[in-house]
1. Restricting attention to the stretch 256-286, which residues are of a type in the set (G, A, S) and touching a strand residue (DSSP E or B) at 6+ places or on another chain (Cβ under 7 Å)?
2. Being out of contact with any helix residue (DSSP H, G or I) (no Cβ under 8 Å at 6 or more places or on another chain) and in contact (Cβ under 8 Å) with a residue 40 or more places away in the chain is the filter; apply it to the stretch 412-433 and report the residue that is least open to solvent (accessible area, probe 1.4 Å).
3. Check the stretch 261-280 and report whether any residue there is part of a helix (DSSP H, G or I) and open to solvent by 50 Å² or more (accessible area, probe 1.4 Å).
4. Which of the following residues is over 35 Å from the mean Cα position of the chain (by Cα) and not hydrophobic (A, V, I, L, M, F, W, C): S366, S353?
5. Kindly establish whether L201 is at pLDDT 95 or above, over 26 Å from T314 (Cα atoms), among the aliphatic types (A, V, I, L, M) and within 20 Å of the chain's Cα centre (by Cα).
6. For the stretch 163-173, which positions are crowded, with 18+ Cβ neighbours inside 10 Å and in contact with a helix residue (DSSP H, G or I) (Cβ under 8 Å, 6 or more places away or on another chain)?
7. Identify the residue in the stretch 381-408 that is crowded, with 18+ Cβ neighbours inside 10 Å and of a type in the set (G, A, S) and, among all such residues, is farthest from the chain's Cα centre (by Cα).
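The values are calculated or read from the model by the stated rules, or taken from the named source; none is laboratory data. Just so it is clear, the structure is predicted and the values come from calculations on it, not from any experiment. Ideal geometry is used to build each Cβ from the backbone, glycine not excepted, and the neighbour counts take in all protein chains shown. In case anyone asks, the SASA skips ligands and DNA or RNA and just uses the protein heavy atoms, side chains included. Shrake-Rupley method; radii C 1.70, N 1.55, O 1.52, S 1.80 Å.
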Amino acid sequence: MTTTMKTLAALLLCLTQTRAFTVVPGRSCWSTKGLSITDNHPIRFSLLRQAKQTKLIADSLEEENDNGDDSITEAAEDDLIDLVEAVNEAVDAATNATQQAVVSTVADAVNVTSNAVEAMNETITANGDAKASSTRNASAAVKTPSPAPSPSAASPMPQNEPQSDLILYLQSLGAITGRGEFASKFQKDSAIHVIEQLEALNDTPQPTMSPLMLGKWELVYSSTQLFRSSPFFMAGRSVCKTEAQAAQYNWFCDMHRKALAMSSIGAVRQIVSPTRLTSEFEVRAGTVPFLNDYTPFSYSGGLPFSIDGAIVSTADLEAFGNAWLLSLDTVEIKGSNVPGLRQLLDQKFKLQSRSLGKFLEQNIKSYSNPRPAFRTTFLSKQFRISRDEDNHAFVYVKTSDSYEPTDYSKVDADLGVGRLLEGFNDAFTKLYI
């Protein structure tokens, strides 16, 4: 029996280092279709722990067998046989199966291993042998907690993690992928898997009617273009009545982002009051032309100035349990740092969407003002998950209980020249009054 257990330990160790996984040059990892297992991969850690644990118990039982005491029950032996079969299936799956099959089969092997070890521990406990008790304590020391899920490109999708770990995973993933803009397909799939786990754990009934909704929420992850969290773009999508129109709108949003590739997106937030939703989408674009086009300087960058501004859209809220119906009201640009344009935008230009919608309804029989639904599927004191009509997910973190919109009046309309001169003075001239 101890020989069987030692064989099992060797099989588990073999699985963590098997060449059934293709070796990637320059990296200490093994990979199959859609899955990479690195030295720090949680599955490898788990199998390695089980291998060490199994060998530890086998060594102890070998000492007992030398004294003529074989305490392994028939049930434990059956569990060991099942374990060996599960490990063999995992090795085969590592070569031929898809990513999900590999993860599932290896997980099954780990579960069977745990069952077998628990059965052996119970048997040893019943015998009351002092040596077995020592072995059991040493075995428990080997069973250390699994490492926290990593949001890297090679990370697995977390399974049944505590709520706080799932939230941390999404925040980390958002941080390293530009809130999802630069996420790989595997990272996006992992994020959706974690989002669905959190949604299943939601314990806030009728979240859109909860006072927890009130305040400022910063977007930390999105499964689609960031600007589609705006009521303006949600209303545009709601106008589409067919799947073909929706597909065309999605294509337009993708092209819109590509056309603005030279710009960088700053804060994306929603400010929720009892009756109103304010969306603030801050953007910064580098100024052109390039210096070497107009000066003798050989420098490939642009001018050290930027054009800043925030696209602010507002909508009235009508709450229904877990969803809002949004009625788009106004769209405007605030906080522009372009001289002249800033004064014009602040004083005269504001798109009155509701007034325009009423005019269209009165003059076009087939037209009705769009009222997109925006659902909230998870809500806690500091964390929120919402979905639009296309089921795109938006993950928010609350930064304030205040629901006052941001005051952009303090932004200087000077293209950042003032900050540039201050920085130059601090670094070089150091002239102060």
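1. S263, S264, G266, A267, S279, A285, G286
2. G416
3. Within the stretch 261-280 (the criterion being part of a helix (DSSP H, G or I) and open to solvent by 50 Å² or more (accessible area, probe 1.4 Å)), the answer is no, since none of the residues qualifies.
4. Only one candidate passes the filter, namely S366.
5. yes
6. The answer is L166, I167, Y169, L170, L173.
7. Looking at residues that are crowded, with 18+ Cβ neighbours inside 10 Å and of a type in the set (G, A, S), I get S386.
Condition check ((1) in contact (Cβ under 8 Å) with a residue 12 or more places away in the chain; (2) aliphatic (A, V, I, L, M); (3) over 20 Å from A310 (Cα atoms)) across all residues:
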residue: M234; (1), (2), (3): yes, yes, no
residue: S238; (1), (2), (3): yes, no, yes
residue: E243; (1), (2), (3): no, no, yes
residue: A247; (1), (2), (3): no, yes, yes
residue: W251; (1), (2), (3): no, no, yes
residue: R269; (1), (2), (3): yes, no, no
residue: S273; (1), (2), (3): yes, no, no
residue: F281; (1), (2), (3): yes, no, no
